[in-house]
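Here is the structure we will look at.
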Amino acid sequence: MTHENDHSQAIRERVAAAAGSGTALAIEGSGSKGFLGREPQGEPLSLAEHTGIVNYEPTELVLTARTGTRLEELEHILADAGQMLPFEPPQFDGGGTLGGAIASGLSGPARPFAGSARDLVLGCRLVNGRGEDMHFGGEVMKNVAGYDISRLQTGAMGTLGVLLEVSLKVLPRPEKVLGLTLELPRNEGFRNVMDWQARGAPVTGSAHDGHRLHLRLSGSALGVNASRKMIGGEEEDLAFWQDLRDHRLPWFARQTLLWRVALPPGRTLPEGFLGNALLDWNGQQVWIGGEQDFGALQQAARTAGGHARLFRGGDRRGEVLPDGGPVFRRLHRNIKQAFDPEGILNPGRLYADL
């Protein structure tokens, strides 16, 4: 299956001209994730028209598409073949493109159970900061010899290249999906989830809203039904999981400031940070609303083995991502120099000096 709508030549020429003149470019797709990172700088470079499926063979479980392609379109095409994007990329405001999903590196509620965006990227095609068209990886799982450039682009926010095409691993849709709620305290609920998983429950979502545990089971009808009997609880509309993925739950609408903390399995933050929080990924992804001392939150996250960032709102002229220290920053600068020597691609979007 292929669609012809290739604007790659125009994109290469635009980047090459910008490199020659030292003009900064702000890369954008649908604009659904424009609130992420620091404030964009430079002239807009839109990929909204760079759309279409390059290659999709359902029997191979691999899809390659241009990065302006809407996530909604990809989901419909995959659903027609009984397949899905297992990392559940968020579609804030009902939008989102493939390029934005990979550039942001965001994954939905299934991330700890089905893999992250980075885990499922097989290859990519990009334009670097010199205007050169480059290909990395391929369309099979074991294709990497040396540095995995394709996955390096995941979460780079366009600072290392203008993504043109991405190849992804896709998976069959489960036979049955069921949502449950249980009146359990946060820590007890998450411990139970790990126990249910050890006993074979096909968990693909586990979140706590401060009052109750929300659970999603996905798999064969036989396996889901057996786990339903083991776990108990009340059935819940599956719309909860899409609303959690896309931040459409009422809790998100009430937050003028939103912080994200990522933690290793089994770790948690001090209770003082969890008074206004919603936890996903069985406690590994913590959404915190309201004013916070960023330094104190970062330190608490580091102590627990994780990291914190300002996700939405606040002053985006300052730093919004965790400071990994001098070695981390030097590595970032060296990689940026290799891909974008003139520093024209989304400058300052991750950090002020990148």
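Applying the condition of being closer than 22 Å to residue 32 by Cβ and assigned to a loop (DSSP other than H, G, I, E, B) to the stretch 45-65 and asking which residue is most open to solvent (accessible area, probe 1.4 Å) yields 49. Note on the stretch 87-128: residues that are small (Gly, Ala, Ser), open to solvent by 10 Å² or more (accessible area, probe 1.4 Å), in contact with a Lys or Arg (Cβ under 6 Å, 6 or more places away or on another chain) and not in a helix (DSSP H, G or I) total 0. Among the residues of the stretch 335-344, the one identified as open to solvent by 100 Å² or more (accessible area, probe 1.4 Å) and out of contact with any helix residue (DSSP H, G or I) (no Cβ under 9 Å at 6 or more places or on another chain) is 337. Please determine, by comparing only the residues of the stretch 157-183 that are in contact with a Phe, Trp or Tyr (Cβ under 9 Å, 6 or more places away or on another chain) and assigned to a loop (DSSP other than H, G, I, E, B), which one is nearest to residue 99 (Cα to Cα). Per the stated criteria, the residue is 161. With the structure loaded, tell me whether residue 69 is under 20 Å from residue 29 (Cβ atoms), of a type in the set (Ser, Thr, Tyr), open to solvent by 20 Å² or more (accessible area, probe 1.4 Å) and touching a residue at least 12 places away in the same chain (Cβ under 8 Å) or whether it fails that test. Considered against the rule, which asks whether it is under 20 Å from residue 29 (Cβ atoms), of a type in the set (Ser, Thr, Tyr), open to solvent by 20 Å² or more (accessible area, probe 1.4 Å) and touching a residue at least 12 places away in the same chain (Cβ under 8 Å), residue 69 comes out as no.
Screening residue 235 with (1) in contact with a Lys or Arg (Cβ under 6 Å, 6 or more places away or on another chain); (2) open to solvent by 60 Å² or more (accessible area, probe 1.4 Å); (3) over 21 Å from residue 86 (Cα atoms) gives one miss only, at (1).
When you check residue 78 against the structure, is it part of a helix (DSSP H, G or I) and farther than 16 Å from residue 155 by Cβ, yes or no? It is true that residue 78 is part of a helix (DSSP H, G or I) and farther than 16 Å from residue 155 by Cβ. Of everything listed in (1) in contact with a Lys or Arg (Cβ under 7 Å, 6 or more places away or on another chain); (2) assigned to a loop (DSSP other than H, G, I, E, B), the single unmet condition for residue 201 is (1).
Quickly run through the stretch 259-303 and pick out the residues that are among the acidic types (Asp, Glu) and not in a loop (DSSP other than H, G, I, E, B). The answer is 271, 280. Please go through the stretch 1-23 and pick out each residue that is among the hydrophobic types (A, V, I, L, M, F, W, C) and part of a helix (DSSP H, G or I). Result: 10, 11, 15, 16, 17, 18, 19.
Residue 26 satisfies every condition listed in (1) assigned to a strand (DSSP E or B); (2) open to solvent by 30 Å² or more (accessible area, probe 1.4 Å) except (2).
The values are calculated or read from the model by the stated rules, or taken from the named source; none is laboratory data. For clarity, every value in this text was computed on a predicted model and none was experimentally measured. Note that each Cβ is placed from the backbone with ideal geometry, even for glycine, and that neighbours are counted across all protein chains shown. Note: accessible area is taken over every heavy atom of the protein model, side chains too, but ligands, DNA and RNA are not part of it. Shrake-Rupley method; radii C 1.70, N 1.55, O 1.52, S 1.80 Å.
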